[in-house]
Amino acid sequence: VTDRLEHSLTRTLEAAAESAPGPAVDFLDTVRRRQRRRRTRRGLTVASAVLALCLAGTLTVVAHLSPVHRSGPATTNPTASPSAPAHGVPAPRIAQPAGRVWPSAVHALPPNLPDGSAYRVNAVLGGDRYLVTILPPGTAGVAESVAIDSATGVDVFDAAAHTVRTIATVPPPTGGAMAGPDIPRTGLRSWPLVDGDVVTWADTATTATGTARHESYTEIWAASVATGRAVLLTRVPVAQADVGVPRPAGTMVVWTQYATDKQHAPVGIYRVPAAGGTPAQVPGTAGYDLVAGAWAQPAGQLVDGRTDQLLNVLTGRRMTVPVGGDEHDRRLECGPAWCAGAGAERISFAVVPADGSPGPTELDRPYGLFDGGRVALAAGSDSHGNPQGVIVWNPGSGLWGELGAGYALPDPATADVSVLQAQSRPGAPVEVFDLSVASRRT
Amino acid sequence: MEFEEFVRARSAALLRYGYVLAGNPHDAADLCQEALARLASTWSRVRNKTNPEGYVRTTMARLHINRWRRTRRESLVGEVPERGYADAGFDRVDGGSALWTALVALPPRQRTVLVLRYYEHHSDEEIAAVLGVSRGTVRSQAARGLDKLRAGWAGAAPQAAGYPTAGPPAGGRPAASHPAASHPAASHQDRTATGRSS
């Protein structure tokens, strides 16, 4: 089936491409108009930047140059115009290693665990301890690029003591290891996320209900990092709902459930104590999607207003956040601190404070928010403009730095991810970058 | 070659690429023109150092993905009203209109990965480089996209070696009784690759 599908997919794409309309008569003119518009906006940006620097120079003592680049924090300049983003904007063409900006964020770990297992780091726990997922024997190279379903366990690695403590094996014993010759074993569905003492993750389990019939479930698990006791929080039939990434929030675990039809609309946000209990849908959350921790944003289709209501599904707190308007063509995605999205005409990008005060809108590339929405990441680029590495930016402190070619952006569906990692070659030490260090205010 | 000459020579091909990426001619033109405008600003440097068409195609894919990043929640409900995508092009796709409809119904990032793999014939490593994500993300996105396409495929596809004349319901869910059709890990690629990152 797969081969036929893949072959047909190739044919279908080629045939569809052949049926695509050709260029309009004014195609080249339109391209030139867009280019002129970009040039004009960039010119205005540079002029604004120069003006801002001159004004700053007459009023303040210019800080001496330091090895750490610090762009001015957007939130400390309430009078800054959105069109004058001289401060708070990374300048990726100036190489600025993130390891020099946040030296304590960098951890060098051995290529394998003490028992020889390959692993992937999911969180820095402190005290030289790391929440890791165990990968199959023989897994080599950059752990970041390993397929999620290949993980076989959730463990705590104490790098100082050279010990590993198992929290859970994946897939759990309740699942079938191999449901049939053409059916893969079940496995991890979301990388574990940690908040304080709570770690949570999702897997897919397959239960044989007969010789020829199997049922698939998405399971959500949680455990105490300290005690390591894993608890099955809920089990949702795959046919019933699509389960989003479970996120720890204090002593609770929250997740979004989506309809299984093609619209895939969020049908509600659920919460359950991490220690176990009965999952309950948070009232009034149909149509909301979790964005960072317990914060959710309406999953609207179009930007038809300037504000939106961010909702904390645990406390019920609501805050008004910008979602669009004159300066933003597209909806902004918000966390409790920052919003990120596109600037006007989609030729620039924006990161603005969630309280609606002005922020940088002339970013040269799109940034996504991670580590609970506190730090912004974007794909880096080499001298030819090709994607390479990751730019780490704390828009609050103005600090930014670049991670090298071994690093890649995390999946945007897991915005609570708190670490990045890279390995220069198989057998080399694993380098871990702790985003929670970069997201600190100072 | 001058920029104008390049545009005249390659715009049709780039629009075809944009069409399979975006799923409709309007967004295809938007993607293509935006990428070309960016190329125009750096034409001399790109022409001398890299392949301009590769630059444009990479830019188009990244623009498309980044658009998804900013609007992923919008797209969950935003695609259906625009299913007027089923324009003239689909009907002319030999036996593949149902598959194309299902492909268009995929989330944009999954569709982009499948387009780069099955239309551009990139390896997963190349796709990861183009999109600036990890290879694991590419594989999981491809697996999920194929899962959704495959959901109705097994039942709808002819048993013989021919190609389908009827595809699955667009975006239909995998059958719950068949975990291979529902789990992200269920792709041929993932099974054979054993999750390694060689």
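Summary of computed values
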| read-out | value |
| --- | --- |
| Residue identified as more than 9 Å from chain B (Cβ to nearest Cβ), within 18 Å of A:R120 (Cα to Cα), open to solvent by less than 40 Å² (accessible area, probe 1.4 Å) and modelled with pLDDT of 65 or more among A:W201, A:W221 | A:W201 |
| B:T137 vs. criteria modelled with pLDDT under 85 and in a helix (DSSP H, G or I) | yes |
| Unique residue being open to solvent by 10 Å² or more (accessible area, probe 1.4 Å), of a type in the set (A, V, I, L, M, F, W, C) and under 28 Å from B:A142 (Cβ atoms) when the list is A:L435, A:L403, A:L420 | A:L403 |
| Unique match (being closer than 26 Å to A:G368 by Cβ and at pLDDT 50 or above) among B:L149, B:L114 | B:L114 |
| Positions within the range A:378-389 being buried (at least 24 other Cβ atoms within 10 Å of the Cβ) and touching a helix residue (DSSP H, G or I) at 6+ places or on another chain (Cβ under 8 Å), in sequence order | A:A379 |
| Condition met for A:G277 (under 21 Å from A:G335 (Cβ atoms) and free of Cβ contacts under 8 Å to residues at least 60 places away in the same chain) | no |
| Tally, over the range B:15-29, of residues that are more than 14 Å from the chain's Cα centre (by Cα) and in contact (Cβ under 8 Å) with a residue 12 or more places away in the chain | 2 |
| Of residues in the range A:272-290 being out of contact with any Phe, Trp or Tyr (no Cβ under 8 Å at 6 or more places or on another chain) and crowded, with 19+ Cβ neighbours inside 10 Å, the one farthest from the other protein chains (Cβ to nearest Cβ) | A:A274 |
| Filtered residue count, the range B:23-50, keeping only those that are open to solvent by less than 50 Å² (accessible area, probe 1.4 Å), facing chain A (nearest Cβ under 10 Å) and at negative phi | 18 |
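The values are calculated or read from the model by the stated rules, or taken from the named source; none is laboratory data. Values in this document were obtained by computation on a predicted structure and should not be read as measured data. In this analysis, Cβ positions are derived from the backbone assuming ideal geometry, glycine residues included, and neighbour counts consider all displayed protein chains. Side chains included, ligands, DNA and RNA excluded: accessible areas come from the protein's heavy atoms. Shrake-Rupley method; radii C 1.70, N 1.55, O 1.52, S 1.80 Å.
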